[in-house]
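The next block holds one structure in the form of structure tokens; read it before the comments.
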């Protein structure tokens, strides 16, 4: 199953604004208790949404009727913003903004962090022909891209690399931060260490340079 198939979807049309705020670096994940509780709630919510959709589609269906849609924790639209949500960028943008940041047009963004301090996401559908140390990288956003995409080939500023993966080994979990169940991310150094130890292959990772960021409550206000 691909990483995209594992991601939950939240349709949010607001325009993303990148700000030069540095997010916390990935840290060792040693206790999955809180994450498990969060995922349990995601499952419950997804099933409630699926049941409501089933009832709307067939009002005469018996309550609690089992279906592949309900049991499969479906993808659904919601105004809720949380880590693991997927935001779909709109097609209507202000003229100046569209010229400066065309990459947000019809973008698909995955939120890696959403809390009272900061919201951080990466753009999933902006591939590139760039490579770093032999690793093909995608454009994740215009914050912390280190001049790779906007520096005319000259290195400059902070560069943050996110390596998405769906590995389940203990070694991968220790070096990663969870996004949603089945999807985690690590640093380039973490990915290189897992490949060197035989725990993974290069093809196990999806690399993004840079990210999109929002100040506290900015995304909710848009």
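Annotation for residue 150 and residue 217: the two label points, set 7 Å from Cα along the Cα-Cβ direction, are 2.7 nm apart. Rounded, prolate or oblate, given the Cα gyration tensor of the range 158-222, with a/c below 1.5 counting as rounded? Judged from the Cα gyration tensor, the range 158-222 comes out prolate (a/c at least 1.5, a/b above b/c). Between residue 44 and residue 115, residue separation times 0.36 nm minus the direct Cα-Cα distance comes to 23.4 nm.
Just so you know, all these numbers are worked out from the coordinates, no wet-lab data involved. Keep in mind the model is a prediction, meaning the values are calculated, not measured. Positions of Cβ are generated from backbone atoms using ideal geometry, with glycine treated the same way; all protein chains shown enter the neighbour counts.
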